[in-house]
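Enquirer: I'd like to ask some things about the structure below.
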Amino acid sequence: MIIRLLPETTQNRIAAGEVVERPASAVKELVENAIDAGAKHIDVVMNAGGRDYIGVTDDGQGMQREDLELCVERHATSKLPDDDLLAVQFLGFRGEALPSIGAVSRLTITSRAAGAAETWRVSVDAGKRLPLEPAALDRGTKVEIRDLFYATPARLKFMKSDRTELNHATEIIRRLAMAHPEIGFTLTHDDRVAVRLPPSPGDLFEARRLARLSAILGADFAANTMQIDAHRRGFNLTGYAGVPTYNRGNAQQQYLFVNGRAVRDKLLHGAVRGAFSDFLARDRHPIVALFLECENDDVDVNVHPAKAEVRFKDPGVVRGLIVGALRHALADAGHQASTTTSQAALGAIQREAPPTGAFAEFHRPLGQAPGQAPGMAEPTLAYDAGPSAQVETAPPMPVQESEPQPVPDYPLGAARGQLHETYIIAQTGDGIVIIDQHAAHERLVYERMKNALSEKGVSRQMLLLPEVVELDPIDAQRLTERAAELGELGLVLEPFGDGAVVVQETPALLGECDIKALVRDLADDLAEFDETLSLKERLEDVCSTMACHGSVRAGRRLNVTEMNALMREMEVTPHSGQCNHGRPTYVELKLKDIERLFGRR
């Protein structure tokens, strides 16, 4: 084989393949250059998904004639004055973007430096640079790309639909706009405005940032997020994170930034996932916008051609900061649940409004006399408020027809009844609260187990008759190998022949529970665990499974005292606004919203 040096044009096209994967990649590089140039307004124009035309215009500091000549040469940059790759203070710094774009398209750059009397233009056609020429532009820089990838036709085959390419570019603009709320952005596609974000108002930067995030992510974002502000060993973490019930089915709305640079980093996403693992099911993902700031020598941003990944000098500190800050915010949130839960409930009521007037007779429940109000369930079983609570039969709730009942000043109100032996109805000073008794109690039991384990260990109760549970032999082996750890969590079991275990003791907090179902679910959990992890490291999974089996079940009747006891404990228990799987434990409907449903407003 004969080794030869590739022509410069081929070298540039290879570099372009790394830097310019699709039109959105070109948009990203050009907008970052505009931000680095101090622009206050950046306008992006695309036609045919960027295939035919991309234009980026900014009002930044612009370039002198000699700078314009150099900017299209490979590895020419103004971003590394000291040639120190660990002292990068700009978004763009590799000096590859413009020559790479010019190698696969028809590129034109027009620029006028601040205070300069002349405007100049340079053009590059498939890697061939043309002479500079005078041009007209008030200020700043305008970069135009025509016929992207025409010099590399094979790349055109991999482009998606215009809509898909526009969506990728829109996401790029959104992420850059989040990090720079002081800058106005517009994106126009085929003469239609896709993004319009004026500079965020406000004197305080954090107020501008929240306004910008709400403009991008919707008005619900501000109402359902917790502010993050934490510091550790030179790292500063700020931003916002959604309460657990404000979640999504994927991680697309997790926006992470390092020194103003949007990144998709496994360490950072893993830390977010770890912080919320106690509050969300595995298939649900939190919404976050987090901004990490640190010294330049603590992070390497030069590990990926598109600068999408970073590497930290001390990743443990970064992970600990993120996990700690998020869990502290979650603890402060108390029993807060997402407002979108109530909005969804109101929307469902409006879509399925009950019949009124004469039509109501045709929808009367079976067995209900005309004009008779539907009755409340008669309570029979007590709410288990703790290991010392006793289950007892309670008398039916007294019916008060005319006497007004005072509403205590409690966040979750006072219990007024139970529907379908599953939902508690409570009255507040300005509305009603509907509580899922099983979901709420599941969270309360879970939090008690965690506290007991950290303070003095989980109390156990011995079974009068040990329970034998038949299992798959492999599942039985997994459980017996972890028997000592399960014992620390209050579940004492031993092997019982081939493919079975015998349970001797259970956590006292669970009370009476379906032991066979509990053991089988724990076996399923262990099948998914990393064998190197201890059960304490997977505490949220084990305790969550146990809590689910030890909670007040749907279908149990509760009296008023028991319902109020559950609500009072919810109000003082962290994270009680959602169950262990991220679902809401209660929905609050304000009186004004209810009145609106009935046309009173």
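The values are calculated or read from the model by the stated rules, or taken from the named source; none is laboratory data. Nothing here was measured: the structure is a model prediction, and the numbers come from that model. Please note: Cβ atoms are built from the backbone with ideal geometry, for glycine as well, and neighbour counts cover all protein chains shown.
Enquirer: Hey, could you check segment 193-237 for residues that are out of contact with any helix residue (DSSP H, G or I) (no Cβ under 7 Å at 6 or more places or on another chain) and of a type in the set (S, T, N, Q) and say which is modelled with the highest pLDDT?
Expert: The residue in question is Asn236.
Enquirer: Okay, moving on. Determine if segment 164-184 includes at least one residue that is free of Cβ contacts under 8 Å to residues at least 40 places away in the same chain, of a type in the set (Lys, Arg) and outside the structural domain of Gln227 (by TED's automatic domain parsing). If you could, list the steps in order and put the result at the bottom.
Expert: Keep residues of segment 164-184 that are free of Cβ contacts under 8 Å to residues at least 40 places away in the same chain, which gives 167, 170, 177, 181.
Going one step further and asking which of them are of a type in the set (Lys, Arg), we end up with none.
The answer is no, given that none of the residues of segment 164-184 is free of Cβ contacts under 8 Å to residues at least 40 places away in the same chain, of a type in the set (Lys, Arg) and outside the structural domain of Gln227 (by TED's automatic domain parsing).
Enquirer: Can you tell me which residue within segment 124-141, out of those that are assigned to a strand (DSSP E or B) and out of contact with any Lys or Arg (no Cβ under 9 Å at 6 or more places or on another chain), is nearest to Gln64 (Cα to Cα)?
Expert: Arg129
Enquirer: Okay, moving on. Being exposed (fewer than 14 other Cβ atoms within 10 Å of the Cβ) and more than 21 Å from Val263 (Cα to Cα) is the filter here, so list the residues in segment 172-201 that pass it.
Expert: The answer is Asp191, Arg192, Val193, Arg196, Pro198, Pro201.
Enquirer: Here's a follow-up. Show the residue pairs meeting these rules: Cβ distance below 6 Å; 6+ apart or different chains; first residue within segment 476-502 and more than 18 Å from Leu535 (Cβ to Cβ) and without any contact (Cβ under 8 Å) to a residue 40 or more places away in the chain; second residue outside any helix (DSSP H, G or I) and among the aromatic types (Phe, Trp, Tyr).
Expert: Val502/Phe496
Enquirer: Limited to segment 576-597, what total is found for residues that are modelled with pLDDT under 85, surrounded by fewer than 19 Cβ atoms within 10 Å (Cβ to Cβ) and hydrophobic (A, V, I, L, M, F, W, C)?
Expert: Count: 1.
Enquirer: Quick check on segment 194-207. Is at least one of its residues within 17 Å of the chain's Cα centre (by Cα) and free of Cβ contacts under 8 Å to residues at least 24 places away in the same chain?
Expert: No: segment 194-207 contains no residue that is within 17 Å of the chain's Cα centre (by Cα) and free of Cβ contacts under 8 Å to residues at least 24 places away in the same chain.
Enquirer: Moving to a separate point now. On the given criteria, is Asp52 under 22 Å from Pro153 (Cα atoms), modelled with pLDDT of 85 or more and not small (Gly, Ala, Ser)?
Expert: Numbers: under 22 Å from Pro153 (Cα atoms): yes; modelled with pLDDT of 85 or more: yes; not small (Gly, Ala, Ser): yes.
Taking the combined requirement at face value, the residue satisfies it.
This table checks each residue for (1) closer than 25 Å to Met159 by Cα; (2) modelled with pLDDT of 90 or more.
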| position | (1), (2) |
| --- | --- |
| Gly38 | no, yes |
| Asp67 | no, no |
| Asp84 | no, no |
| Ser105 | yes, yes |
| Arg112 | no, yes |
| Val124 | yes, yes |
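Enquirer: Among the strands (runs of 3 or more DSSP E) confined wholly to segment 232-306, which include 3 or more residues that are more than 12 Å from the chain's Cα centre (by Cα) and over 18 Å from Gly324 (Cβ atoms)?
Expert: Of the strands (runs of 3 or more DSSP E) lying wholly inside segment 232-306, those with at least 3 residues that are more than 12 Å from the chain's Cα centre (by Cα) and over 18 Å from Gly324 (Cβ atoms) span 261-263.
Enquirer: Tell me yes or no: at least one residue of segment 451-461 is in a strand (DSSP E or B), modelled with pLDDT of 90 or more and either under 12 Å from Met563 (Cβ atoms) or among the aliphatic types (A, V, I, L, M) (or both).
Expert: no
Enquirer: Could you please let me know if Leu148 is part of a loop (DSSP other than H, G, I, E, B) and out of contact with any helix residue (DSSP H, G or I) (no Cβ under 8 Å at 6 or more places or on another chain)?
Expert: Here the answer is no, as Leu148 does not meet what is asked.
Enquirer: Oh, and also: Among residues belonging to segment 22-51 that are on the phi > 0 side of the Ramachandran plot and touching a helix residue (DSSP H, G or I) at 6+ places or on another chain (Cβ under 9 Å), point out the one that is surrounded by the fewest Cβ atoms within 10 Å (Cβ to Cβ).
Expert: Ala48
Enquirer: Given (1) under 30 Å from Gln578 (Cα atoms); (2) in contact with a strand residue (DSSP E or B) (Cβ under 8 Å, 6 or more places away or on another chain); (3) of a type in the set (Asp, Glu), identify the lone condition not met by Glu494.
Expert: The failed condition is (1).
Enquirer: Which condition breaks for Leu290 when tested against (1) more than 23 Å from Glu21 (Cβ to Cβ); (2) surrounded by 15 or more Cβ atoms within 10 Å (Cβ to Cβ); (3) in contact with an Asp or Glu (Cβ under 8 Å, 6 or more places away or on another chain)?
Expert: (3)
Enquirer: If you don't mind, another one. Scan Arg155, Arg121 and give me the residue that is in the same structural domain as Asn33 (by TED's automatic domain parsing), under 19 Å from Tyr53 (Cα atoms) and not in a strand (DSSP E or B). Give the derivation first.
Expert: Details: Arg121 fails: not in a strand (DSSP E or B).
Among Arg155, Arg121, only Arg155 is in the same structural domain as Asn33 (by TED's automatic domain parsing), under 19 Å from Tyr53 (Cα atoms) and not in a strand (DSSP E or B).
Enquirer: Output the helices (runs of 4 or more DSSP H) that fall wholly within segment 479-561 and possess 3 or more residues being modelled with pLDDT under 75, or say none.
Expert: The qualifying helices (runs of 4 or more DSSP H) are 539-549.
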